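I have placed the structure first, in the form of structure tokens, so that the comments after it can refer back to it.
Every number here is computed from the coordinates shown, using simple stated rules; none is lab data. Since the model is a prediction, treat every value here as computed from it, not as a measurement. All Cβ positions, glycine included, derive from the backbone under ideal geometry; neighbour counts span all protein chains shown.
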């Protein structure tokens, strides 16, 4: 409730409007600065083209600049792809670790009920009901991990 009261008092005192006004002014200033910077870069590229065309000829300058910009575009796409692939792998590892932690937490939360025996699972073996499938699941996970690691090895096909 304190946050709401602070927000309402900020509206009443006009502080919020002042912050919004400053943010809007800063956004306009940065947009104008970015526009001026792009114009400056455009003139620098134009000057470099004029200098290159005077030195090597207009066709060679145009081809050189075209190839140069295509190389820059290719490098940007390549770097983005490498970074995003690494990020996807990192997120997958984190998600796998989170799921493992959730599974362990759930198992630990259910363990006291299972250990009670008769009252936990109506007297039908208690821990054995869960232990059997859990062991089978663990064995399958180990099998799947080993099969995947053999296929990923570069020397697996050589013999």
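Observations
- With a Förster radius of 35 Å applied to the C-beta separation of residue 5 and residue 105, the computed FRET efficiency comes to 0.40.
- Label positions at residue 34 and residue 77, each projected 7 Å from the Cα along the C-beta direction, are separated by 2.4 nm.
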